[in-house]
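Values in this text are rule-based calculations from the coordinates and carry no lab data. Note that this is a predicted model, so its numbers are computed, not measured. Backbone-built Cβ (ideal geometry, glycine too); neighbour counts: all protein chains shown.
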Amino acid sequence: MNGVPQPAVAGLNGDAPTTEAVIFDFDGVIVESADIKTEAFIALYKEHGAQAVEAAVAHHQANGGISRRKKIRHIHREHLGIGLNEDGLEALCQRFSRLVESAVVDCAAVAGAESFLAAHHRRLPLFVVSGTPHEELMRIVDRRRLTPYFTAVFGSPPEKPPTIRAILRRHGLAAANVLFVGDARTDYEAAAETGLRFIGRVAPGTASPFPAGTAVIADLTELSL
């Protein structure tokens, strides 16, 4: 594809290489929280008017998997003409966290997620690599009582590729034998950059953000190793 790296092909029914570990994105893969994050961007920008809200939602939805800090800084600079200093950015990020954290704790799990984790966590390492701020993500995973299922949980910063490389080094894993399950184009790109196999989660009724030919599932009931 014009020289752009692509993830290794991931089979769904035993036709892929041996899986030594699985890395999951969190929002939209383990929990059905995509709409919660969208509503938070609406709440954050509604005081700036309808055009700002529309721009914020469009940027958020086009950049799934990117940290909210980057999104908020970009939206303020490009659509409001406001350059945020660190204190201003941190205040907005904290406000965003207050809007979403408890809602993500309480939202539904993606179908099949909890049963998959329960069935596989004792036989191979399972990880979360997410764009959610690390401390917030750790609290959410703990409050949902998912911590025992994961070998480790990583939020942002840093971005996903360096986190994935650190996981591979620390656990002695071959990239070609690690599967990344994500729901955003940035997840696909992180898998491509680090040499992982990839399966995309595309919720029913939503358009796939992935290139043609990408292996996709509707939920984790369709994920088999």
task: Scan segment 74-83 residue by residue and report those that are surrounded by fewer than 19 Cβ atoms within 10 Å (Cβ to Cβ) and either aromatic (F, W, Y) or under 27 Å from T163 (Cβ atoms) (or both).
output: H74, R77, E78
message: Can you find a residue that is among the hydrophobic types (A, V, I, L, M, F, W, C) and farther than 21 Å from P158 by Cβ anywhere in segment 67-74?
response: no
query: Taking segment 201-212, which residues are in a loop (DSSP other than H, G, I, E, B) and in contact (Cβ under 8 Å) with a residue 40 or more places away in the chain?
result: A203, P209, P211
- prompt: Quick check: anything in segment 110-122 aromatic (F, W, Y) and under 17 Å from the mean Cα position of the chain (by Cα)?
  reply: no
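If I filter segment 213-225 down to residues being in a loop (DSSP other than H, G, I, E, B) and not aliphatic (A, V, I, L, M), which single residue comes out as surrounded by the fewest Cβ atoms within 10 Å (Cβ to Cβ)? Spell out how you get there, then give the answer.
Residues of segment 213-225 in a loop (DSSP other than H, G, I, E, B): 213-215, 218-219, 223-225.
From what's left, not aliphatic (A, V, I, L, M): 213-214, 219, 224.
Numbers: G213: 9, T214: 18, D219: 18, S224: 12.
This residue is G213.
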query: Looking at segment 167-181, which of its residues are over 17 Å from the mean Cα position of the chain (by Cα) and either in a helix (DSSP H, G or I) or within 28 Å of C107 (Cα to Cα) (or both)?
result: L168, R169, R170, H171, A175, A176, N177
- line: Among the residues of segment 24-46, the number that are within 16 Å of H76 (Cα to Cα) and touching a Leu at 6+ places or on another chain (Cβ under 8 Å) is 3
